[in-house]
Each structure stands twice: as structure tokens, then as C-alpha cells.
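Enquirer: Here it is: the structure, laid out below.
The values are calculated or read from the model by the stated rules, or taken from the named source; none is laboratory data. Predicted model, so just to flag it, every value in this text is computed and none were measured. Cβ atoms come from the backbone with ideal geometry, glycine included; neighbour counts cover every protein chain shown. Just the protein is used for accessible areas: all its heavy atoms, side chains included, with ligands, DNA and RNA removed. Shrake-Rupley method; radii C 1.70, N 1.55, O 1.52, S 1.80 Å.
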Amino acid sequence: KPAGWARQGTRPVADAESMSPLWSWSTALLVLLVARAVGAATAAAPAQCASAADAGYWCDASRPSEYFVCAPGTVSAWMPCPGGAVCNQAAADAGYSPCTFASDIVDPSECNATVCSLPSCRCPDLTIPGGLSRLNTPQFVVVTMDDFVTADVWPALQTLLHDAHRDQNKCPLSITGYFYGGSQNYNMMNFISTHGGELGDHTANSNTNTNTDYQTWLYQLDAGKSCTSFLSQTPVADIVGSRAPFLFWNAPMFKALHDLCMLYDTSVISNYEIMGGWPWPFLVRNEVPRIGFPSTAESLDFTANVWEWPKP
């Protein structure tokens, strides 16, 4: 490992079988490129790369714009990050590229946690709510469905929602379905909502995208919510969440969600490589920060006050 190196992550790569596919493919390319191009630099790299425990990508605070790649017996070299990028150990540990552009990392200081605090607000960051340690944080398993509930999955849903299933706190298991109007089995949707599940809004006919204007979003979301409520016999007040079709969202969508008094959205895709971890749900106020995709933050000319449950 690099001289003076101190690993920031918590999941070392122990052997070839435990390496992620992305790491393996990257290493294969480096074997072809680095072994030919680096030559003497490989042998002279200021590091120890002697065993499988050393395998992986490594960062060193003294060399932020480089990363060290170790494949014992094959590659042992410092490699440059693309212009402006820095080495991100958390991303490397997760199997992603070790280089991250600093401007892509959400800075929690951009949101004032003193003003924006639970239960009414939360900034987009990686800190665990309530100050809990990682070991004392309960695991959340979230099960969702998009578009349709079909006969193919119906037996599995009935089994999942059966009253006999409980977690360790004796709470029933649940799912959330984001269904749009049309050729739906509304009896199945009613079963979900009456057996502890949740129904969300997925627009009226899934005919929206990143260029959809405010009026269209307003119609699509309002009609989708009303249709789901009426045909599944679910109180409209119980439909409080939304997911954009194909996860194609934009600023006008958040304006429509706000005006329809929706509580939350779950359309924004998070990315471990960009954030250095998985962000917890946060409140969208005047900006949808860049936590994954699309490639830029989305500024809002209004205050949305809609919670975002980012998708991994």
C-alpha cells in the first residue's frame, strides 16, 4: 500500500473472487495499458503491493489527484485522475471508479442543518438521522413496484402481505406500488392498500419526460392520483407519494407536486460514486442537488417543500 497511506474506507478487497465486476474489468484494462505504458514506473511505484489483501484502488491524502492501483504480481502503480478529479476511497471501496470530481460531491454545508432539521426538514447528506451509530441503525428494506400489478407477481405479493409475516418488532411487512391509470387490476391494488401496503402516484398514462411542462405535470399527477383513488377504493388522502415514469423528472414536476400537496417523491437517482455513500431522504426546497443523475443540480424558482427518497 502507498507509503504514508491511511485507508478511509471499511471494505477492503480480500481476493480476486470478492472484487466487483467493475474493479475486475478496470484491472483487466490496466493490465493491458499500464503494463505496456508504465514499465519502469510500475516497478518503482512507492508502495507495497505484495498480497491479495493489498489488491484494489487506494487513496493517499498527500496525493489527492492520483490513485494507487494494486493487482499483486501484475500492476503496482500510481495513476492520475482525469483533470480536476480527486481520489475517493469510499467510491473505490464500493467498486466504482476511484476518481470523483469534487464539484460533483454534495457539500452538506450548502444546506444549513441548524435551520433545516428534523422532523420538518433535512439536508441531503450521509449522516445517520438521530445521531445513531452505524451499528445501532436499523436496516430498512424497501419494496416498490412500478406501472402494473400483474397476475404473474400476485401470488408473491399475497405471500409478502400475509398477516403471518412480521419483522422483529412485530410490525407487518409492506410494499409501495406506483401505478398509473389504464389497464390495471384494481382489485389487486385494493388488496395492497387494505393489507398494509401503500399506493403512490405514477401519472395518468405515463406520458411524461424531462421536457414536460408544469400544466401537463399538474394534469398527469392529479388525474393519476384521482384515478387510482377512485378505482382502487383507496382514500385520496392516503396517496401522498409519487414516482416519475422512467424516472424522468424536472423542476416543473416538483412545482406540481407542491401544488398538489404531495408529501414525497422518489424519482431522483442517487449514486455512491458521486456522494461517497447513500444519502438519506431529504427535503427539496429551492434546489434538487446533484446526488446522482442527471448530471447537474436543478435550481427551482419556488420553494417545493417536498421530501425526496432517492433511489440507489
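Enquirer: Tell me, which residue of the range 231-245 that is polar (S, T, N, Q) and touching a strand residue (DSSP E or B) at 6+ places or on another chain (Cβ under 7 Å) is modelled with the highest pLDDT? Spell out the reasoning first.
Expert: Our first condition is that a residue be polar (S, T, N, Q); within the range 231-245, this holds for 232-234, 242.
Now narrow it down to the ones that are touching a strand residue (DSSP E or B) at 6+ places or on another chain (Cβ under 7 Å): 232, 234, 242.
Working: SER232: 89, THR234: 91, SER242: 95.
Ranking the candidates gives SER242 first.
Enquirer: Could you go through the range 198-217 and let me know if any residue there is surrounded by fewer than 18 Cβ atoms within 10 Å (Cβ to Cβ), within 27 Å of PHE140 (Cα to Cα) and either without any contact (Cβ under 8 Å) to a residue 60 or more places away in the chain or touching a Gly at 6+ places or on another chain (Cβ under 7 Å) (or both).
Expert: yes
Enquirer: Give the range 144-166 a look and list any residue that's free of Cβ contacts under 8 Å to residues at least 40 places away in the same chain, within 26 Å of the chain's Cα centre (by Cα) and surrounded by 13 or more Cβ atoms within 10 Å (Cβ to Cβ), or say none. I'd like the intermediate steps shown before the answer.
Expert: Step one: of the range 144-166, the residues free of Cβ contacts under 8 Å to residues at least 40 places away in the same chain are 145, 148, 150-166.
Applying the additional criterion that residues be within 26 Å of the chain's Cα centre (by Cα) yields 145, 148, 153, 156-157, 160-161.
If the condition is that a residue be free of Cβ contacts under 8 Å to residues at least 40 places away in the same chain, within 26 Å of the chain's Cα centre (by Cα) and surrounded by 13 or more Cβ atoms within 10 Å (Cβ to Cβ), then MET145, PHE148, VAL153, LEU157, LEU160, LEU161 are the ones that fit.
Enquirer: Let me ask you something else. May I ask you to verify whether LEU300 is modelled with pLDDT under 90 and in contact with a strand residue (DSSP E or B) (Cβ under 9 Å, 6 or more places away or on another chain)?
Expert: Working: modelled with pLDDT under 90: yes; in contact with a strand residue (DSSP E or B) (Cβ under 9 Å, 6 or more places away or on another chain): yes.
When the stated conditions are applied, LEU300 passes them.
Enquirer: Being assigned to a loop (DSSP other than H, G, I, E, B), at pLDDT below 80 and small (Gly, Ala, Ser) narrows it down to one of ALA164, ALA151, so name that one. Talk me through it step by step, then tell me what you get.
Expert: On the way: ALA151 fails: at pLDDT below 80.
Step by step, each of ALA164, ALA151 is checked, and only ALA164 is assigned to a loop (DSSP other than H, G, I, E, B), at pLDDT below 80 and small (Gly, Ala, Ser).
Enquirer: Could you list all residues from the range 237-284 that are without any contact (Cβ under 8 Å) to a residue 40 or more places away in the chain, out of contact with any Phe, Trp or Tyr (no Cβ under 8 Å at 6 or more places or on another chain) and of a type in the set (A, V, I, L, M)?
Expert: If the condition is that a residue be without any contact (Cβ under 8 Å) to a residue 40 or more places away in the chain, out of contact with any Phe, Trp or Tyr (no Cβ under 8 Å at 6 or more places or on another chain) and of a type in the set (A, V, I, L, M), then ALA237 is the only one that fits.
Enquirer: Here's a follow-up. Among (1) within 24 Å of VAL143 (Cα to Cα); (2) open to solvent by less than 70 Å² (accessible area, probe 1.4 Å), where does LEU260 come up short?
Expert: (1)
Enquirer: Could you list, in sequence order, all residues of the range 167-185 that are without any contact (Cβ under 8 Å) to a residue 40 or more places away in the chain and either within 23 Å of LEU231 (Cα to Cα) or part of a loop (DSSP other than H, G, I, E, B) (or both)? Walk me through it before giving the result.
Expert: Taking the range 167-185 and keeping what is without any contact (Cβ under 8 Å) to a residue 40 or more places away in the chain, we get 167-175, 177, 182-183, 185.
ASP167, GLN168, ASN169, LYS170, CYS171, LEU173, SER174, ILE175, GLY177, GLY182, SER183, ASN185, listed by residue number.
Enquirer: Quickly run through the range 222-233 and pick out the residues that are surrounded by 18 or more Cβ atoms within 10 Å (Cβ to Cβ) and within 17 Å of ASP147 (Cβ to Cβ).
Expert: GLY224, LYS225, CYS227, THR228, SER232
Enquirer: Quick one: how many residues across the range 100-120 are open to solvent by less than 40 Å² (accessible area, probe 1.4 Å) and either modelled with pLDDT of 75 or more or among the β-branched types (Val, Ile, Thr) (or both)?
Expert: Within the range 100-120, the subset open to solvent by less than 40 Å² (accessible area, probe 1.4 Å) is 100, 104, 106, 111, 116.
Those left that are additionally either modelled with pLDDT of 75 or more or among the β-branched types (Val, Ile, Thr) (or both): 100, 106, 111, 116.
Total meeting the criteria: 4.
Enquirer: Sort through THR203, THR228, THR216, THR208 and tell me the only one that's assigned to a loop (DSSP other than H, G, I, E, B) and farther than 18 Å from TRP309 by Cβ. Step through it out loud before you land on a result.
Expert: Numbers: THR203 fails: farther than 18 Å from TRP309 by Cβ; THR228 fails: assigned to a loop (DSSP other than H, G, I, E, B); THR216 fails: assigned to a loop (DSSP other than H, G, I, E, B).
Selected residue: THR208, the only one of THR203, THR228, THR216, THR208 that is assigned to a loop (DSSP other than H, G, I, E, B) and farther than 18 Å from TRP309 by Cβ.
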